[in-house]
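Read through the structure below, which is laid out as structure tokens, and then see the notes.
The values are calculated or read from the model by the stated rules, or taken from the named source; none is laboratory data. Because the structure is a prediction, the values reported are computed rather than measured. Using ideal geometry, Cβ is built from the backbone for each residue, glycine included, and neighbour counts are taken over all protein chains shown. Side chains included, ligands, DNA and RNA excluded: accessible areas come from the protein's heavy atoms. Shrake-Rupley method; radii C 1.70, N 1.55, O 1.52, S 1.80 Å.
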Amino acid sequence: MHNNLQYLLRSLYIARSTAVITGCDLIGIAGNPGVVERSAYLDPKQFDFELAESFGVKQIIFAPVKSKHEACSVFEPLLDPSSRCDTIGRASVETIRNLQNLQDQDGVQIGRIVQDTFMRSNLWPTVYECDALNSTREEIDTLSEWLRDIFRDRPPEAFVSGHIDYSPWGLAMQHCLAEGGKGIYYRCDVRTPIYVLGHRENKETLNGLLRRADERAFLEHRDISQISRTSIDIRHALNDSISKNWRWTTHPDAGDHFEWPFSTNLPTACLFSHTFTDQPSADESVFIDHLDWLEKTLAHAAARGDYNLLVKVHPLDGLFDLSKSIDRLENEFSIHKNIVFSRQPIPTSTIVNNCAVGITVRGTPGTEFSALGLTMLLAGRAYYDHVECVIRANSELEYFSYLEDILFSRIKPVDTVIAKEYVAFDRYWAAPFSSLLGSFSPNRDPELIWSNALSACPATAFEVDEITQCLSDAINNCEKYGSARAVPRHANSLLLN
């Protein structure tokens with residue numbers, strides 16, 4: 001359970017739906033085990049027991065407290081940790097790869113969780129060798145042992161969470177799967193994509209299970225439904241309003257004050273930077289983290305000099321990286337006229353019309369811009385990378401080879417039809433909707449969210465609600481296929497209207 005209101009209500013509702021389907025008791029796990037405090041309640045006093053009880057939660061279990069170690073003492077905000085003293089240094093590529101491969105006896109990916117948690121807790125852009133790393137490892141080991149013990153004593157039927165990266169809940173979901181249970185994960189979109197995750201193969205990530213479920217759901221949707229081009233265009237246009245993920249709402253200044261920064265006619269690549277501390281090892285990636293990805297791409301552009309690289313800085317970068325790595329890199333590469341960093345909003349049409357390729361490590365620009373006609377290259381796995389409108393690299397060599405081929409016209413143009421179809425499928429056609437949950441935004445007044453939920457409660461029955469029905473089907477499909485996406489039963493009739 002989370003201290004973020006929009007996650008909390010969704011977790012409670014989806015968990016209650018799951019309890020209705022399975023007939024199991026509903027037990028909550030809360031507390032602050034130390035890892036990323038923003039992703040868990042800080043102490044029992046902040047937990048809303050009355051709210052949890054109203055959703056049928058029978059018992060609350062609090063996770064163990066954080067370890068006795070504090071964060072690295074040499075850390076000072078806004079300074080690169082690697083410059084603080086001789087006792088802290090950036091870990092090598094080999095060290096981080098070895099960390100990512102570290103698993104316990106149940107196949108739980110301890111090392112990946114340590115990497116994500118260390119970076120997100122400290123808001124550092126990569127792994128540094130320091131006391132904070134040892135502290136994070138101790139905290140994860142303590143929490144992992146605790147979860148293993150309680151889940152072996154009472155094997156769960158399912159574990160529900162909307163947050164499985166750089167938080168204790170991804171660790172809990174892996175332990176649930178190890179004991180034969182299911183993981184129920186949802187994305188916090190306006191409508192609510194939900195995935196039921198089943199058996200995980202050795203070294204397969206939770207996001208890998210999500211990809212498997214998403215691919216099967218999309219392929220079945222395409223086989224069953226023959227959608228006209230006009231219908232696809234209309235639904236994709238609707239996606240920009242009532243069904244759009246709130247994180248990608250158009251910025252009010254998106255069309256103002258931006259001037260194209262390059263005077264040459266060189267082909268241009270637009271790199272959509274990730275916040276460096278955001279899920280660096282949540283899935284398979286070509287590079288060890290997002291900082292490594294950006295540094296090597298910048299070095300490639302600088303060394304060649306025959307193409308432009310526009311780095312579109314993530315709007316939340318400064319909030320999630322206290323080392324100011326973007327500032328350092330912008331200063332380091334300022335002598336190269338073919339490399340420009342932009343922090344201001346850029347109209348999507350400007351990017352599509354002036355760039356030969358867009359690059360993301362695994363973010364949603366991959367589908368957003370593919371649907372607008374821009375060829376997109378992924379530097380890692382993404383939940384949508386099964387869609388043939390995007391190009392995914394499996395190694396650094398392949399990544400740079402693809403980049404050069406696209407820039408110099410050796411790759412065919414993107415199929416916008418399938419890209420638009422997938423975006424509409426993902427955000428509109430195949431996302432179940434509950435009248436109780438409604439439309440959530442982090443910018444809305446919390447009291448308004450509660451008032452909307454309360455007004456919907458009398459008219460909402462879990463047993464007949466669309467989310468419960470979709471979960472029921474997905475759980476049955478999970479038994480058959482290993483993982484499944486919850487898709488509305490009436491989706492096909494909607495598609496054909």
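Some values worked out for this structure:
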quantity: Filtered residues of the stretch 413-436 (kept if among the hydroxyl-bearing types (Ser, Thr, Tyr) and crowded, with 24+ Cβ neighbours inside 10 Å); calculated: Tyr422
quantity: Residue pairs meeting the criteria (Cβ under 8 Å; at least 6 apart or on separate chains; first of a type in the set (D, E, K, R), in the stretch 215-233; second part of a helix (DSSP H, G or I)); calculated: Arg216/Tyr481; Arg222/Glu421; Arg229/Val417; Asp233/Lys420
quantity: Test for Met119: is it modelled with pLDDT of 90 or more and open to solvent by less than 10 Å² (accessible area, probe 1.4 Å); calculated: no
quantity: Spans of helices (runs of 4 or more DSSP H) in the stretch 412-483 with at least 2 residues among the hydroxyl-bearing types (Ser, Thr, Tyr) and at pLDDT 90 or above; calculated: 466-481
quantity: Filter result for the condition that a residue is open to solvent by 10 Å² or more (accessible area, probe 1.4 Å), in contact (Cβ under 8 Å) with a residue 24 or more places away in the chain and touching a Leu at 6+ places or on another chain (Cβ under 8 Å), over Arg362, Arg343; calculated: Arg362
quantity: Unmet criterion (only one of (1) in a helix (DSSP H, G or I); (2) more than 27 Å from Asp223 (Cβ to Cβ)) for Thr367; calculated: (2)
quantity: Cross-chain or 6+ apart pairs with Cβ under 6 Å, the stretch 98-112 first and within 11 Å of Ile140 (Cα to Cα), then aliphatic (A, V, I, L, M) and part of a loop (DSSP other than H, G, I, E, B); calculated: Ile110/Leu102; Gly111/Leu102
quantity: Residues located in the stretch 325-344, provided they are within 22 Å of the chain's Cα centre (by Cα) and part of a loop (DSSP other than H, G, I, E, B); calculated: Arg343
quantity: Candidates Glu388, Glu398, Glu368, filtered to the one that is among the acidic types (Asp, Glu), surrounded by fewer than 17 Cβ atoms within 10 Å (Cβ to Cβ) and touching a helix residue (DSSP H, G or I) at 6+ places or on another chain (Cβ under 7 Å); calculated: Glu388
quantity: Top-ranked residue of the stretch 271-290 - restricted to ones that are within 18 Å of Tyr399 (Cβ to Cβ) and in contact with a Lys or Arg (Cβ under 6 Å, 6 or more places away or on another chain), ranked as most open to solvent (accessible area, probe 1.4 Å); calculated: Glu284
quantity: Pair list, Cβ under 6 Å, 6 or more apart: the stretch 407-435 residue more than 16 Å from Asp233 (Cβ to Cβ), other residue modelled with pLDDT under 85 and small (Gly, Ala, Ser); calculated: Ala430/Ala491; Ser435/Ala456
quantity: Those residues of the stretch 378-397 which are outside any loop (DSSP other than H, G, I, E, B) and free of Cβ contacts under 8 Å to residues at least 40 places away in the same chain, in sequence order; calculated: Leu378, Val390, Ile391, Arg392, Leu397
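Listed here are the residues, each with its yes/no results for (1) more than 29 Å from Arg410 (Cα to Cα); (2) modelled with pLDDT under 90; (3) over 24 Å from the mean Cα position of the chain (by Cα); (4) surrounded by 19 or more Cβ atoms within 10 Å (Cβ to Cβ).
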site: Arg235; (1), (2), (3), (4): yes, yes, no, yes
site: Asn239; (1), (2), (3), (4): yes, yes, no, yes
site: Asp256; (1), (2), (3), (4): yes, yes, yes, no
site: Trp260; (1), (2), (3), (4): no, no, yes, no
site: Asp292; (1), (2), (3), (4): no, no, no, yes
site: Thr297; (1), (2), (3), (4): no, no, no, yes
site: His300; (1), (2), (3), (4): no, no, yes, no
